[in-house]
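J.: Have a look at the structure that comes next, please.
Read the figures in this text as sums done on the coordinates, not as results from a lab. Because the structure is predicted, anything quoted here is derived from the model rather than measured. Glycine gets a Cβ as well: all are built from the backbone with ideal geometry, and neighbour counts include every protein chain shown.
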Amino acid sequence: MQITVLNGSPKGEISVTLQYVRYLQKAFPEHQFKIFHIAQSIRQLEKEPSLFEEVIAAVAAADGVLWAFPLYIFLVHADYKRFIELIRERGAAAAFRHKYAAALSTSIHFYDHTAHNYIQAVCDDLEMKYTGYFAAEMDDLLKEELRKQFHCFAAGFFHDIAVQAPTARRYQPLPPAMPAYLPGPSQAGPRVALRGHRVVIVADAAGSDTNLGKMLAKFESCFSEPVERLQLDTLKINGGCLGCIRCGYDNVCVYGDSDDVRQAYQKLEAADIVVYAGTIVDRYFSSRWKLFIDRRFEKTHQPLFTGKQFAYIISGPLSQLPNLTEILHSTAEYDRANLAGVVTDEAGSGAEIDALLADLAERLVRLADQQYVPPATFRGVAATVIFRDAIWGRLRFVFQGDHRYFKRHGFYDFPQQQWGQRFFNGFMTVLFRIPPVRRVIQRETKQQMIAHFQKVLKP
């Protein structure tokens, strides 16, 4: 079989992900693997149509396509996403239609499921026959049992191609365009006073005639004072995250101050209220947005917006994109911020959208006054635990900036260090083995579960 591999790592040949592909070449010599370093060569693919056509021709000639990528901030690398955009922009989708597809990722399992959901949705949009994914921890290939599982995954992919197995579509097509948003007249009543809070908006290309541009203008008009807006289409960004990990030691990116990204993030860190505004492109924001988001990795695995109010203004069918909704909420939770609201242009009439934007402006300032941040759900708790364990363990010497931050902010809250609880558990475990004592404990358990709340509830 001919398998076309689309490598999503900016490191090309020296990427961890590609080592898994090399293993497949070794394990399945009867198949031919044609590898393209998509993320690493995206600028050439954009500038030289012949190189892009070479990739598309290989896809068209392939029996199967393997999307192979490392995780970059909840998704794939910005340059990999840019390639996915190019497929549509250059009318190349037909080459992917009815091709069997599988996905391979490498990461430390931080939201790898959202990246795979995205790739599966892209495959569905391209009418590919998606067969499944293998989400590897970076070093899984070194473990015999997981090599067996990886071998089984690949063999299953080849089997599905050989027998032309049926596949089911998971994600339904999105609407081709959103209805035009027609804002109402300027707000007649009092506008929202900032009360000393600093608001910074980061926006994708938002011309005054676009839904996003009109929503932003209406939102900004809700405040009694000017707010700052950073436009990604004019922000100087020299390139995406290189995966070089030079930032790991002291959180200084290799790009330094050669472009505007560091200064932009410094403004966001100094703000009290942060609003991200973007138009949905395929199943996420634009690759330009992703380029900016990937560059936040200068702060590696540290929360950026602790204690801030966060919001999104979006043009596009967000209600039909549960995976993107998951990413929006999870980003805020890991950053230890409060997601105060999300407004989209699918909300209804212009008057309804206007009301939602006005309410969002008021709520952001009110919650900033109160410094409100709710407790994290599984999204934020699990993310913190994954990074805590990784930085305490084998990643510490590389990410020393994270280690210092985690120590300073009490991230290393291992249960082994809770000595009082450990003593209590040991003592009670012994008592619990005594039948009469065990019966008393079991009889009183429900009452004891609420007993300690009485010190808060008593008059």
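J.: For Trp289, Trp419, which order do you get if you count the other beta carbons within 10 Å of each Cβ and list the fewest first?
T.: Trp419, Trp289
J.: Another question, if that's okay. Net charge around Thr429, counting only other residues with Cβ within less than 14 Å of its Cβ (Lys, Arg = +1; Asp, Glu = -1)?
T.: Residues close to Thr429 contribute a combined charge of +3.
J.: Classify the range 270-315 from the C-alpha gyration tensor, please: rounded if a/c falls under 1.5, else prolate or oblate depending on whether a/b exceeds b/c.
T.: The shape class here is oblate.
J.: Just tell me which aspartates and glutamates come within less than 17 Å, Cα to Cα, of Lys129; anything on the same chain fewer than 8 places away is out.
T.: By straight Cα distance, Lys129 reaches Asp63, Asp160.
J.: Can you list the HN-Hα couplings for the range 389-402, worked out from phi with the Karplus curve (6.51, -1.76, 1.60; θ = phi - 60°), rounded to whole Hz and with x for Gly and Pro?
T.: 5, 5, 6, 5, x, 6, 8, 4, 5, 7, 9, 5, x, 4
J.: Taking the number of other C-beta atoms within 10 Å as the exposure measure, put Leu356, Leu141 in order starting with the fewest.
T.: Least to most surrounded, the residues fall as Leu141, Leu356.
J.: Taking θ as phi - 60°, what are the ³J(HN,Hα) couplings along the range 363-379 by the Karplus curve (6.51, -1.76, 1.60), each to the nearest whole Hz, with x for Gly and Pro?
T.: For the range 363-379, the Karplus-derived couplings read 5, 4, 6, 4, 6, 5, 4, 7, 6, 7, 9, x, x, 6, 8, 3, 3 Hz, x marking Gly and Pro.
J.: Where does the chain land at 222 nm, in deg cm²/dmol rounded to the nearest 500, when only DSSP H runs of n ≥ 4 count, each adding -39500 (n - 2.57), divided by all residues?
T.: For the chain, the value works out to -13500 deg cm²/dmol.
J.: Can you list the chymotrypsin sites (Phe, Trp or Tyr not before Pro) in the range 327-386 that are in a DSSP coil and have 13 or fewer other beta carbons within 10 angstrom?
T.: Qualifying residues, ordered by number: Tyr372.
J.: What longest range of the chain stays clear of loop-exposed trypsin sites (Lys or Arg not before Pro) (DSSP non-H/G/I/E/B, at most 16 other C-beta within 10 angstrom)?
T.: My reading of the result: 247-393 is the longest stretch.
J.: Would you mind checking the pairs Lys267/Lys299; Lys26/Lys143; Lys11/Lys143 and listing those with alpha carbons more than 18 angstrom apart?
T.: Lys11/Lys143
J.: Okay, moving on. What's the exposure ranking of Ser15, Ser107, Ser221, Ser50, going from fewest to most Cβ atoms within 10 Å?
T.: In increasing order of surrounding Cβ atoms, one gets Ser50, Ser221, Ser107, Ser15.
J.: Follow-up. D for the range 69-145, whole µm²/s, Stokes-Einstein with Kirkwood Rh over alpha-carbon pairs at 20 °C and 1.002 mPa s: what number?
T.: Diffusion coefficient, whole number: 162 µm²/s.
J.: Hey, got the Cα dimensions of the range 199-370 along the principal axes, in Å, largest first?
T.: Taking the Cα atoms of the range 199-370, the three principal extents are 49, 36, 30 Å.
J.: For the chain, what does the relative contact order come out to in percent, with C-alpha contacts under 8 Å and a separation of six or more?
T.: Computed over the chain, the figure is 13 percent.
J.: For Asp63 and Phe397 in the same chain, what is the full-extension length gain: residue separation times 0.36 nm, less their Cα-Cα distance, in nm?
T.: Contour length minus the Cα-Cα distance gives 116.0 nm.
J.: Please report, in whole Å, how far the alpha carbons of the range 2-163 spread along each principal axis, starting with the longest.
T.: Result, largest extent first: 42, 36, 26 Å.
J.: Specify whether the C-alpha gyration tensor of the chain places it in the rounded, prolate or oblate class, a ≥ b ≥ c being the square roots of the eigenvalues: rounded for a/c under 1.5, otherwise prolate if a/b is larger than b/c and oblate if not.
T.: Oblate, because a/c is 1.5 or more while a/b does not exceed b/c.
J.: Quote the FRET efficiency, to the nearest 0.05, computed for Val456 versus Glu362 with a Förster distance R0 of 45 Å and r equal to the Cβ-Cβ distance.
T.: 0.90
J.: Excluding residues fewer than 8 places away in the same chain, name every one of the lysines whose C-alpha is closer than 20 Å to that of Lys446.
T.: Of all the lysines, those that pass the test against Lys446 - Cα under 20 Å, at least 8 places apart if same chain - are Lys455, Lys458.
J.: Can you list the GluC sites (Glu not before Pro) in the range 47-140 that are in a DSSP coil and have 15 or fewer other beta carbons within 10 angstrom?
T.: Counting only loop positions with at most 15 other Cβ atoms within 10 Å, the GluC sites (Glu not before Pro) in the range 47-140 are Glu127.
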